[in-house]
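One structure is given here, and the rest of the page talks about it.
What follows draws every value from the coordinates through simple rules; no lab data is involved. Values in this document were obtained by computation on a predicted structure and should not be read as measured data. Counting neighbours? That spans all protein chains shown, and the Cβs are built from the backbone with ideal geometry, glycine included.
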Amino acid sequence: MKKIYCLLGLLVLVGTTQLYAQAHKTTSKSTVAGLSSSIAAGKKVYTLHCLSCHMADGGGVANMNPPLIGTTYVLGDKNKMIQIVLKGFNEGVEINGDTYTNPMPAQATLTDQEVANVLTYVRNSFGNKASAVKAADVKKIRASLK
Ligand code: HEC
């Protein structure tokens, strides 16, 4: 009798470990899929709303529109970047020795998800590597700007 309980116990243990491993695998896989689908969707938003100024390779136009490659705005605090897109930007920045005085118009008609996707795309393209931006992050900043 004892032997049977022992065996049952072992079976349950093996079963749970497998279930756990399965669940774990699914989550990490879907996170990766979430990131790449956000990047793909963000590329479309970028093409429509940012490319004309910041160019397809993110290199910008010297002294007119700054590059989005390795700048402190792109790799730094995502809240600042969200603000730039929602409110526009007119602070006159100096990047790699060039000054930019043109104002950037606000892109506030983009949805929270579109802003999240485009910023996730920019932060993971052109040689940049930074964390993803979530729609919830954008929602918070949009509410704080009202
Ligand atoms: C009409 C041209 C134009 C469009 C469209 C535009 N930008 Fe900009 N962007 C600028 C200019 C000009 C600046 C610099 C503003 C300043 O000097 O204060 C800027 C600055 C920035 C900055 C901060 C500086 C840097 O280079 O890191 C970021 C980030 C940025 N833009 C992202 C975007 C994203 C993302 C989009 C699309 C959703 C976009 N921009 C659309 C012209 C534009």
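When Arg123, Arg142 are arranged by Cβ crowding within 10 Å, least crowded first, meaning fewest neighbours, the order is Arg142, Arg123.
Holding the Cα-Cα limit at 18 Å, pick out from Lys43/Lys146; Lys44/Lys140; Lys80/Lys146 the pairs that are longer than that. Over 18 Å apart, Cα to Cα: Lys43/Lys146; Lys44/Lys140.
Each peptide among 81-89, 44-52, 111-119 gets the average number of other Cβ atoms lying within 10 Å of its residues, and from highest to lowest they stand as 111-119, 81-89, 44-52.
Note on Met64 and Val32: with the Förster distance fixed at 35 Å, the Cβ-Cβ geometry gives a FRET efficiency of about 0.45. Backbone amide hydrogens, once placed in the peptide plane, bring Val93 within less than 5 Å of Tyr100, excluding anything fewer than 5 places away on its chain. Each label point was placed 7 Å from the Cα along the Cα-to-Cβ direction; for Thr111 and Asn128 their separation is 2.2 nm. Here each label is just a point 7 Å from Cα along the line to Cβ, and for Lys139 and Thr47 those points are 2.9 nm apart.
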